[in-house]
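Written out below as structure tokens is the structure these notes cover.
The values are calculated or read from the model by the stated rules, or taken from the named source; none is laboratory data. Being a predicted model, the structure only gives us computed values, none of them experimental. Cβ atoms come from the backbone with ideal geometry, glycine included; neighbour counts cover every protein chain shown.
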Amino acid sequence: MTTPHVVGLVLAAGASSRLGEPKQLLVNAAGTPAVVRVVRALMTAGCDDVFVVLGAESVRVAAVLQDESVQLVHHAGWRAGMGSSIAEGVRAIRRHRMRLPAGDAQPVVDGVLIAPCDMPSVDAGHLRLLLGAFDGSARVASSYRSRDGDDVLGIPAVLPRGDFAWLEALEGDRGARPLFREPGTRAVPLPYGSVDLDTPADLDRWRRSHRDLHPHSPMLQQTALMDLDQEFANTRRMLERLPDDRLDFTPHPKSWALGKLATHLLDPPYWAQVTCETTVLDFDVPMPPKDTPTQRSDFVRIWDERVAACKAALAGVTDEDLQATWQATAGGHVVMSMPRIAVLRSMVINHMIHHRAQLSMYYRLLDVPMPGMYGPSADEK
């Protein structure tokens, strides 16, 4: 199969009026401006070429890009909104890459990967996953949960050449989300996708919780947060499909009922919270009483509550805390002893994935459609 040729399109035209300073020029701990970081991430991920739409502060933004191999698109109508910037960028791609003189060696463009400057969680790894899921025809969008708790399919995203005419007709602040809501869109989870740097409070919150890291100096806390965030989101998708009328289903006499298995699957966020807040867990000490859900909405509500408590606990630990030894005891004996970060990976994430896989087998037997997690499921193709 021939690898599709995809061009990157960076949206860097906004005025950042609520932030009070150009978000395109915000620097990370390494001193790299946001627009440069996104350009380099697109190139590292495998884009054939990168176009950058400029508007507000265009002279300053162009200056920081002077050493980058990019095509600059000066958009006179940038004030009209994001949709107009997408349209201008796609028109520029069509002019430069799809209307070439006879004999020009550049390949035809199969798609465009649209990326913003104000989503600090976007990196080359995520962009590479988007490109890897793109087959030249199906749209591939980032999936994440909004600040209001809604499921979102949005940019960064890859759109095929067949969408270019639609994109070129965009006006105002309307983006490409209507296309992502159409059947066949592939989803790639984006941890912290709801975080964008619109206000000084957004920027301060991100820098305090994530330290705006240099890519070669990752923090254990950030890594743990991103790992948990992605797998927690995948598990929630499974819980959202629970059939209320089949919670008593069991595939084998030795297997748990579906409701009991789903209830057990609610525990990993709580285990992660306990790991962060304690140094020793004594199994001989009775655990606090827990809710016993009886319908899908209760499962999802309890899950969200436990995930929120887990993230709050993890936000309060340092790298030193995560490297410190955590123990579990029973009958006066140590039954587990390892660094907290290893507990989070093995006894929380791996354990959760194990039981989630069991749940997927129950769903198949009950003919419950499976949600996509690391790409589209067979039910979504």
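Residue by residue, here is whether (1) at negative phi; (2) buried (at least 20 other Cβ atoms within 10 Å of the Cβ); (3) assigned by TED's automatic domain parsing to the domain that holds VAL140; (4) under 27 Å from the mean Cα position of the chain (by Cα) holds:
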| site | (1), (2), (3), (4) |
| --- | --- |
| GLY20 | no, no, yes, yes |
| LEU42 | yes, yes, yes, yes |
| VAL52 | yes, yes, yes, yes |
| VAL61 | yes, yes, yes, yes |
| MET82 | yes, yes, yes, yes |
| SER85 | yes, yes, yes, yes |
| VAL90 | yes, yes, yes, yes |
| ARG95 | yes, no, yes, no |
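Among the conditions (1) touching a Pro at 6+ places or on another chain (Cβ under 8 Å); (2) crowded, with 19+ Cβ neighbours inside 10 Å, the only one that LEU25 does not satisfy is (2). Screening segment 130-175 for residues that are touching a Phe, Trp or Tyr at 6+ places or on another chain (Cβ under 8 Å) and among the hydrophobic types (A, V, I, L, M, F, W, C) and picking the one that is surrounded by the most Cβ atoms within 10 Å (Cβ to Cβ) gives VAL158.
Is there a residue in segment 30-39 that is in contact (Cβ under 8 Å) with a residue 60 or more places away in the chain, aliphatic (A, V, I, L, M) and over 28 Å from PHE134 (Cβ atoms)? Spell out the reasoning first.
Initially, segment 30-39 is screened for residues in contact (Cβ under 8 Å) with a residue 60 or more places away in the chain, giving 30, 34-35, 38.
Those left that are additionally aliphatic (A, V, I, L, M): 30, 34-35, 38.
Now restrict to residues that are over 28 Å from PHE134 (Cβ atoms): 30.
Yes, that holds for at least one residue.
When the criteria are applied in full, ASP282 meets the requirement of being touching a strand residue (DSSP E or B) at 6+ places or on another chain (Cβ under 7 Å) and loosely packed, with under 14 Cβ neighbours inside 10 Å.
Please determine whether any residue of segment 372-380 is aliphatic (A, V, I, L, M), in a helix (DSSP H, G or I), buried (at least 16 other Cβ atoms within 10 Å of the Cβ) and in contact with a helix residue (DSSP H, G or I) (Cβ under 6 Å, 6 or more places away or on another chain).
Going through segment 372-380, the residues aliphatic (A, V, I, L, M) turn out to be 373, 378.
From the residues that got through so far, the ones that are in a helix (DSSP H, G or I) too are none.
Taking every residue of segment 372-380 in turn, none turns out to be aliphatic (A, V, I, L, M), in a helix (DSSP H, G or I), buried (at least 16 other Cβ atoms within 10 Å of the Cβ) and in contact with a helix residue (DSSP H, G or I) (Cβ under 6 Å, 6 or more places away or on another chain).
Per the conditions (1) modelled with pLDDT of 95 or more; (2) more than 26 Å from LEU130 (Cα to Cα), the sole criterion not satisfied by LEU54 is (2).
Kindly evaluate ILE341 against the criterion of being surrounded by 14 or more Cβ atoms within 10 Å (Cβ to Cβ), under 24 Å from THR263 (Cα atoms) and in contact with a helix residue (DSSP H, G or I) (Cβ under 6 Å, 6 or more places away or on another chain). So ILE341 fails the test. Scanning segment 158-178 for any residue that is β-branched (Val, Ile, Thr) and either under 14 Å from the mean Cα position of the chain (by Cα) or outside the structural domain of LEU54 (by TED's automatic domain parsing) (or both) turns up nothing. For segment 344-371, filtered to residues that are loosely packed, with under 14 Cβ neighbours inside 10 Å and either under 21 Å from the mean Cα position of the chain (by Cα) or among the small types (Gly, Ala, Ser) (or both), the residue that is modelled with the highest pLDDT is ALA357.
Could you check, for segment 20-41, whether at least one of its residues is in contact with a His (Cβ under 8 Å, 6 or more places away or on another chain) and either part of a strand (DSSP E or B) or at pLDDT 90 or above (or both)? Scanning segment 20-41, I find no residue that is in contact with a His (Cβ under 8 Å, 6 or more places away or on another chain) and either part of a strand (DSSP E or B) or at pLDDT 90 or above (or both), so the answer is no.
Against the conditions (1) on the phi > 0 side of the Ramachandran plot; (2) modelled with pLDDT under 90, ASP321 satisfies every one except (1).
Scanning segment 180-203 for residues that are farther than 20 Å from ALA12 by Cα and either among the small types (Gly, Ala, Ser) or at pLDDT 95 or above (or both) yields GLY184, ALA187, ALA201. Listed conditions (1) in contact with a Pro (Cβ under 9 Å, 6 or more places away or on another chain); (2) surrounded by fewer than 16 Cβ atoms within 10 Å (Cβ to Cβ); (3) over 24 Å from ALA257 (Cα atoms); (4) in the same structural domain as PRO243 (by TED's automatic domain parsing) are all met by ARG301, apart from (3). For first residues located in segment 1-18 and at pLDDT below 90, partners that are of a type in the set (A, V, I, L, M, F, W, C) and lie 6+ apart or on another chain with Cβ distances below 7 Å form the pairs PRO4/PHE134; GLY14/ALA56; ALA15/ALA56. Taking helices (runs of 4 or more DSSP H) as the structural unit, those lying wholly within segment 239-339 and holding at least 1 residues that are among the β-branched types (Val, Ile, Thr) correspond to 258-265, 268-277, 296-315.
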